[in-house]
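Following: one structure in structure tokens, then a few remarks.
The values are calculated or read from the model by the stated rules, or taken from the named source; none is laboratory data. The shown structure was predicted, so the numbers you read here are calculated from the model rather than taken from an experiment. Cβ: placed from backbone, ideal geometry, glycine included. Neighbour counts: every protein chain shown.
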Amino acid sequence: MGTFIQLVVDGLSTGSIYAALALAIVLVNQATGLINFAQGGMAVLSAYIAYAFLGLGVPLPLAILVAVVASFLLGALAERFLVRRFERGDPDTAVVVTIGLLTLVTGISALLWGYNNLGFPSLFPLTSVEILGAVVSVRSLATTVTIVLIMVVLQLLFLRTKLGLALRAVADNPGSAAFSGLPVGRLLMVGWGLAATLGAIAGVLVAPQLTLTPGMLDTALVYALAAVILGGLSSPIGCVVAASAIGVLENLVAVYVPLIGHDLKIAVPFVLIFVILILRPQGLFGRKVVVRV
Amino acid sequence: MTLLELVDVTASYGPVQVIDGVSLSVPEGGSVGILGANGAGKTTTLRAISGTVRTGGRITFEGRDIRGLRPDQVAALGIAHVPEGRGTLGQLSVRENLMVGAYLRKGRKAIADDVDYCLELFPQLRDRVGSRAAALSGGEQQMLAVGRAFMAKPKLLLLDEASLGLAPSTAKTVYDAIRRLRRESGIAMLVVEQNANLAFSLVDTATVLETGRNVLTGTSAELKGMDEIRRAYLGG
Ligand SMILES: Nc1ncnc2c1ncn2[C@@H]1O[C@H](COP(=O)(O)OP(=O)(O)O)[C@@H](O)[C@H]1O
Ligand SMILES: [Mg+2]
């Protein structure tokens, strides 16, 4: 029982990292209609920015704050100067552009900081507490709680604020939204900026565990995309639930299904996706898109 | 007082100029029609005003040159465009669509009152306030598009073929509501409409376009039944 709970709690903690990235992807999608494949790479760059300020002797919370603000700006600028010209065009082109952006930011990280694993300090204490016989690290718990809080804030932002309504309106139909006076370009920049901010938080939360490398979040991005598909692109809560489920499931399967083990556990989310997409194509929590003319 | 004035306006999509010299004016509180066959340039003329097509010539609104402004800037001046095809925000609820219309406004109470007014104007929308716009019928979507434009409290409404694709009785319901809106709010209107009866029920004067130029302008009374009008509607 102890091992089981341990596995579940660890799974929730890694799941919360996938969740943070998934939330950033959902945010960009809600605000721009695109899937940003560079979300993970951008988050890593954010963590490197925090790392650079740490190196200058800036205290950790402040370094993270600087990275978060810088990430908002980088996200907004990436939208304005790279993605903007492709947004209105072919969606397939835009996908290729965000993949190109992934290569670009990963390259920048590697160029500036190299490929060596760099240690990154944790924001939360490394002590443990005992829950139902399982030893749970405070860091895991705090990470999970942080992500859940962010999810709640995001959900409120989208559904209860004027900015959220405007972001969704622009994602739905930018041309038509402009007829109501919405500054479409600025809102797209805000959407990307907020997503990059979220990514930055994910980056600095996970860096202590994974150690900082340019490809640190590559695998996490795959899981995050799986969570987005499972949870539904329109649902922050759905993504967090799906990401947690993936985190827990991959842990359990790796231990309890010897055939799969740690080497094949990355297959878990894909099998899930396959099953869910057949049963419920809009995702577990997503809304079916109905178009009538 | 003239609210909107177009002088020798041209517009092009890429290298192709599709209107070449349209002039018209809308007085404050007035209602002006743009008539003409398919492809005459009616929609493009409205797009030239709302800043969604590349434009030459002179366009003034309240005496101010607005040519070259972005669509959101034009909207902020008090021009609400109900585009051809309605442009409702499909994944947003009816209420949210109306709230998007009020994006530039302040004052919760006044906005809430205007939402109520919209639902009174279009009672069909009342039961659907929580539904996504994409799930509405074509007529309901058109009503929502007009309601959303009204929510901006504009000085001028650009209305593009509000009857397109609707059953005659639905089209009539929509136009009845728009006439009531005009009477009660005094919003000026520039109306593109293929159905002559509907058009003349709403406008005081109208101009007829043929291949991107005005060929005729007059009051509704003068224009009704003229050969050019019939020609315009039968497409030449
Ligand atoms: N987006 C576009 N790109 C290129 N040509 C267009 C576009 N929209 C309209 N046109 C052309 O411009 C001309 C005028 O069209 P339009 O203004 O839509 O006419 P109307 O609304 O009177 O039917 C037509 O010849 C049409 O084919
Ligand atoms: Mg047209």
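So the values come out like this:
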item	result
Residue identified as modelled with pLDDT of 90 or more, surrounded by fewer than 20 Cβ atoms within 10 Å (Cβ to Cβ) and either farther than 17 Å from A:Gln155 by Cα or within 14 Å of another protein chain (Cβ to nearest Cβ) (or both) among A:Gly203, A:Gly261, A:Gly215	A:Gly215
Out of B:Ala167, B:Ala134, B:Ala171, sole residue that is within 14 Å of chain A (Cβ to nearest Cβ) and touching a helix residue (DSSP H, G or I) at 6+ places or on another chain (Cβ under 9 Å)	B:Ala134
Failed item, numbered, when B:Gly21 is tested on (1) surrounded by 18 or more Cβ atoms within 10 Å (Cβ to Cβ); (2) away from ligand 2 (no atom under 16 Å from the Cβ); (3) away from every other protein chain (no Cβ under 13 Å)	(1)
Qualifying residue in the stretch B:122-129 (condition: within 12 Å of another protein chain (Cβ to nearest Cβ) and not aliphatic (A, V, I, L, M))	no
Residues of the stretch B:66-93 satisfying the condition of being out of contact with any Leu (no Cβ under 9 Å at 6 or more places or on another chain) and farther than 20 Å from A:Leu188 by Cβ	B:Arg67, B:Gly68, B:Ser93
Residues of the stretch B:49-71 that turn out to be on the phi > 0 side of the Ramachandran plot and within 14 Å of another protein chain (Cβ to nearest Cβ), as a count	1
Given (1) more than 8 Å from ligand 1 (Cβ to nearest atom); (2) of a type in the set (A, V, I, L, M, F, W, C); (3) free of Cβ contacts under 8 Å to residues at least 40 places away in the same chain, number of the condition B:Leu35 does not satisfy	(3)
Residue under evaluation B:Thr88, criteria (1) in a loop (DSSP other than H, G, I, E, B); (2) within 16 Å of ligand 2 (Cβ to nearest atom); (3) touching a residue at least 60 places away in the same chain (Cβ under 8 Å), criterion not met	(2)
Residue satisfying condition, being facing chain B (nearest Cβ under 10 Å), outside any helix (DSSP H, G or I) and not aromatic (Phe, Trp, Tyr), within set A:Gly185, A:Gly181	A:Gly181
Tally of residues being assigned to a helix (DSSP H, G or I) and at the interface with another protein chain (Cβ under 7 Å from one of its Cβ atoms) across the stretch A:133-174	5
Residue ID - surrounded by the fewest Cβ atoms within 10 Å (Cβ to Cβ), chosen from residues in the stretch B:182-206 that are part of a loop (DSSP other than H, G, I, E, B), more than 16 Å from ligand 1 (Cβ to nearest atom) and not hydrophobic (A, V, I, L, M, F, W, C)	B:Gly186
Some residue of the stretch B:93-114 being among the charged types (D, E, K, R), in contact with a Phe, Trp or Tyr (Cβ under 9 Å, 6 or more places away or on another chain), in contact (Cβ under 8 Å) with a residue 24 or more places away in the chain and not in a loop (DSSP other than H, G, I, E, B)	yes
Where B:Ile229 falls short, out of the listed (1) closer than 21 Å to B:Thr44 by Cα; (2) at pLDDT below 90; (3) surrounded by fewer than 15 Cβ atoms within 10 Å (Cβ to Cβ)	(3)
Hits in the stretch B:173-205 - residues which are without any contact (Cβ under 8 Å) to a residue 12 or more places away in the chain and under 14 Å from B:Ser220 (Cβ atoms)	B:Asn197
Residue in the stretch B:80-87 that is acidic (Asp, Glu) and surrounded by 15 or more Cβ atoms within 10 Å (Cβ to Cβ) present	yes
Tally of residues being in contact with a Lys or Arg (Cβ under 9 Å, 6 or more places away or on another chain), away from ligand 1 (no atom under 16 Å from the Cβ) and farther than 20 Å from B:Val115 by Cβ across the stretch B:141-165	0
Evaluation of B:Ala162 against (1) more than 12 Å from chain A (Cβ to nearest Cβ); (2) assigned to a helix (DSSP H, G or I); (3) aliphatic (A, V, I, L, M) (one fails), failing number	(2)
Within the stretch B:1-18, considering residues that are among the polar types (S, T, N, Q) and within 10 Å of ligand 1 (Cβ to nearest atom), the one farthest from the other protein chains (Cβ to nearest Cβ)	B:Gln17
From the options A:Ser122, A:Ser140, A:Ser109, A:Ser128, residue that is free of Cβ contacts under 8 Å to residues at least 24 places away in the same chain, among the polar types (S, T, N, Q) and surrounded by 14 or more Cβ atoms within 10 Å (Cβ to Cβ)	A:Ser128
Single match in A:Asn36, A:Asn29 (criterion: among the polar types (S, T, N, Q), under 18 Å from A:Gly193 (Cα atoms), crowded, with 21+ Cβ neighbours inside 10 Å and modelled with pLDDT under 95)	A:Asn36
All positions within the stretch B:38-63 that are part of a loop (DSSP other than H, G, I, E, B) and either surrounded by 23 or more Cβ atoms within 10 Å (Cβ to Cβ) or within 12 Å of ligand 1 (Cβ to nearest atom) (or both)	B:Asn38, B:Gly39, B:Ala40, B:Gly41, B:Gly51, B:Thr52, B:Val53
Any hit, the stretch B:37-45, residues being more than 16 Å from ligand 2 (Cβ to nearest atom) and out of contact with any Cys (no Cβ under 8 Å at 6 or more places or on another chain)	no
Some residue of the stretch A:96-106 being surrounded by 13 or more Cβ atoms within 10 Å (Cβ to Cβ), within 14 Å of chain B (Cβ to nearest Cβ) and either out of contact with any Lys or Arg (no Cβ under 7 Å at 6 or more places or on another chain) or more than 21 Å from B:Arg105 (Cα to Cα) (or both)	no
